[in-house]
Amino acid sequence: MENAVVSYEEDIRLHGNHSLDSEVKLMLEAEDVVFQYDPIEGNPGKLLFGQSIVSVGADTQGNILSFICPQRSFNPSLLGYTLNLTGEVEIGQVGGGIDTVTGEENIYGDEVKCLFWGNITTPNGSSYGFTKDEAAFIPIRDNDNSRAC
């Protein structure tokens, strides 16, 4: 994560994530990927994803065609509420390239957000569920907080 930068770039050609999946010839996996977030108000944190959970799809020239996003389950408690949640980083548009020999890459994404869905149990035992389609989301912004990615 120390080499990753979230910033706004102009004139980058992007396409819908997964819109070119039929053209993917190479799947490149990553390990121990960390998505770090620093909310405008609140507590910063990190989502750590383990082995072989994040992948990028590329053509034989190394053009990035898709970014396969991770999901992670977690069960925090807050003020007597129990949350059984799934979190996922979702990317709407993707582009960039990867050197298929060295692994050096520039991956660009837009419409990036963290989604959260699952079940919430109240202190009195009532339970409420919401699906991925109803998920709460947090947009991810660039370093100077001026634009949502």
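Among the residues in the range 85-93, are any at pLDDT below 85 and β-branched (V, I, T)?
Yes, that holds for at least one residue.
Checking H15 against (1) open to solvent by less than 50 Å² (accessible area, probe 1.4 Å); (2) farther than 21 Å from I138 by Cα; (3) at pLDDT below 75, which single condition isn't satisfied?
Result: H15 passes all but (3).
So, in the range 60-80, of the ones that are modelled with pLDDT under 85 and closer than 16 Å to G109 by Cα, which residue ends up least open to solvent (accessible area, probe 1.4 Å)?
It comes out as P70.
The values are calculated or read from the model by the stated rules, or taken from the named source; none is laboratory data. The model shown is predicted, which means the values in this text are computed figures rather than measured ones. Please note that ligands, DNA and RNA were not included when accessible areas were found on the heavy atoms of the full protein model with its side chains. Shrake-Rupley method; radii C 1.70, N 1.55, O 1.52, S 1.80 Å.
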